[in-house]
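What follows draws every value from the coordinates through simple rules; no lab data is involved. Not measured: the values here are computed from a predicted model. Don't worry about glycine lacking a Cβ; one is built from the backbone with ideal geometry, like all the others, and counts go over all protein chains shown.
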Amino acid sequence: MRSLGFVCFALVLALSLVALPGCGRCGQKAAESLAEKAIEQATGGKAKIDIGGAGNVDLSNLPAALRYPGAKAVSATTITTKDGTGTSYVLETPDHVATVTEYYKKAMPDWKEGATMQSQDGTVYIAANPENTEGMSVSISRDETKTTIGIMHWKK
């Protein structure tokens with residue numbers, strides 16, 4: 001059984017690799033492929049990474065209620081193991097942190113809140129369905145011009 005540490009390391013590696021500048025779409029594809037292989041080796045599962053480019057990130061596996069209205073999808077990283085599937089999405093919006101936070105707190109009304117952590121720079125909100133077979137962790141932070149939404153959505 002692979003440890004959670006390896007999975008976390010693989011996710012950090014993937015997000016670091018996809019953030020590196022590349023030579024257009026060719027560089028993005030190379031970074032995606034390299035990160036997928038690293039994640040697969042670390043987790044023993046399958047990985048799929050999708051860097052947005054011109055807003056082409058596949059959000060089809062993200063429940064519609066978790067797609068923040070008007071947000072631009074930047075990337076998606078999916079890991080599938082025998083225990084389930086987890087996908088990390090990065091979205092951007094001009095809306096402020098408080099507005100985005102309230103949206104996610106109301107997005108899945110039947111889900112139970114696990115935790116909310118707030119700081120001067122942002123918010124993290126965690127919730128799961130009553131059966132604990134599906135959940136999300138949403139990290140919301142603001143820079144000068146945009147709010148970045150990091151969603152980790154998982155299903156058992």
- Note on the structure: Ordering 68-76, 129-137, 146-154 by per-residue average of other C-beta atoms within 10 angstrom, highest first, gives 146-154, 68-76, 129-137
- Name the long-range amide H neighbours of I49: under 5 Å, sequence gap of 5 or more, or other chain; modelled H, no Pro or chain starts. T78
- Evaluate the relative contact order of segment 48-155 (contact order divided by residue number), counting alpha-carbon pairs under 8 angstrom at least 6 apart; express in whole percent. 24
- Message: Checking the table K48/K72; K82/K112; K72/K112 against a 30 Å threshold on Cα-Cα, which pairs fail?
- Response: none
- Item | Pairs of Cα atoms farther than 19 Å apart, segment 48-155, % | 42
- Figure the gain on full extension for T133 and S60 (residue separation times 0.36 nm, minus the Cα-Cα span) and round it to one decimal in nm. 24.4 nm
- Note on the structure: Residue separation between E40 and K146 times 0.36 nm, minus their alpha-carbon distance, gives in nm 34.9 nm
- Query: Can you run phi through the Karplus equation (6.51, -1.76, 1.60; θ = phi - 60°) for segment 78-95 and list ³J(HN,Hα) in whole Hz, with x for Gly and Pro?
  - Reply: 10, 10, 10, 10, 5, 8, x, 10, x, 10, 9, 10, 10, 10, 10, 8, x, 5
- Item | 11 Å beta-carbon shell around E92, net charge (K/R +1, D/E -1) | +1
- Evaluate E = 1/(1 + (r/R0)^6) for S119 and K72, where r is the Cβ-Cβ distance and R0 equals 30 Å; express this FRET efficiency to the nearest 0.05. 0.80
